[in-house]
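Novice: Here you go, one structure.
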Amino acid sequence: MVKLPDAFIEQTRLMMGEERFARYLAAFDEEPPVSIRVNPMRVRSEELGVPWCPLGIYLSSRPNFTFDPLLHAGCYYVQEAASMFIHHILTQQDILSPLTPNSSLLTLLDLCAAPGGKSTCAISALPEGSEPLVQDDRLPGFIIAGPDGKWHVATARTTGRDEVTVSCPEVTYPVAVRYGWADNPTCTLRTKSDLHVAPFRTDRW
């Protein structure tokens, strides 16, 4: 049993009530469930079990995901079921209607996209034709150069479904960009199909 602070126990018991709080404490002694979220662009599955996200699946055991080619092919994303709740929120019209009284389309700003599981889950729930999801997170692995050919570490942010904005104060007029161009790069950029973006370069120097 995890040792929780007394003040947390007191406040949480008061907020949840005795019955729900007892279930909450009992959950610490249970085996945590394993869940994945399928990529609807690559997989069609009838084995769905997460009530608040139609793309979520509970697994009976935890496989070795590292060696599963379907994971690396972008067929699914390993995600805790609770973090899929964003899908339920974004599909509730009584929540969304006051936010968009003149349209059913949305523009979503994600302020905590790291590494991006909830972001891609949110994209799958946005109404068709909505504006791109904007993430206020920095993507590592980008460098840019100006006409002098000198490379500088760049600040990169996702500003649309298919768009990344790259900048650097030392490069006033960028002419080339590279991503993941290193021996052991940190690559977190994904496509809208939830696949890793391969390292690339725009220059031929």
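What follows draws every value from the coordinates through simple rules; no lab data is involved. For clarity, every value in this text was computed on a predicted model and none was experimentally measured. Virtual Cβ from ideal backbone geometry, glycine too; neighbours counted across all protein chains shown.
Novice: Work out the length of the dipole vector of segment 13-82 about its Cα centre, built from +1 on the beta-carbon of each Lys and Arg and -1 on the beta-carbon of each Asp and Glu, and round it to the nearest 20 debye.
Specialist: Values: 7 positive and 9 negative charges, 55 e Å.
That gives a dipole near 260 debye.
Novice: Can you give the net charge of the other residues whose Cβ lies under 13 Å from the Cβ of Arg23, counting K and R as +1 and D and E as -1?
Specialist: Values: positive: Arg13, Arg20; negative: Glu18, Glu19, Asp29, Glu30.
With Lys, Arg at +1 and Asp, Glu at -1, the net is -2.
Novice: For Glu80 and Asp162, FRET efficiency with R0 = 41 Å and r from the beta-carbon atoms, rounded to 0.05?
Specialist: So the FRET efficiency works out to roughly 0.90.
Novice: Could you order the peptides 175-181, 18-24 from most to least packed, using the average number of other C-beta atoms within 10 Å per residue?
Specialist: The most tightly packed comes first, giving 175-181, 18-24.
Novice: For segment 142-201, what ratio Rg/Rh do Cα atoms give with a Kirkwood hydrodynamic radius? Numbers along the way, then the final one.
Specialist: Working: Rg = 11.9 Å, Rh = 12.2 Å.
With Rg and the Kirkwood Rh in hand, the quotient comes to 0.98.
Novice: What is the gain in length, in nm to one decimal, between Leu14 and Phe65 on full extension, counting 0.36 nm per residue of separation less the C-alpha to C-alpha distance?
Specialist: In short, 14.4 nm is gained.
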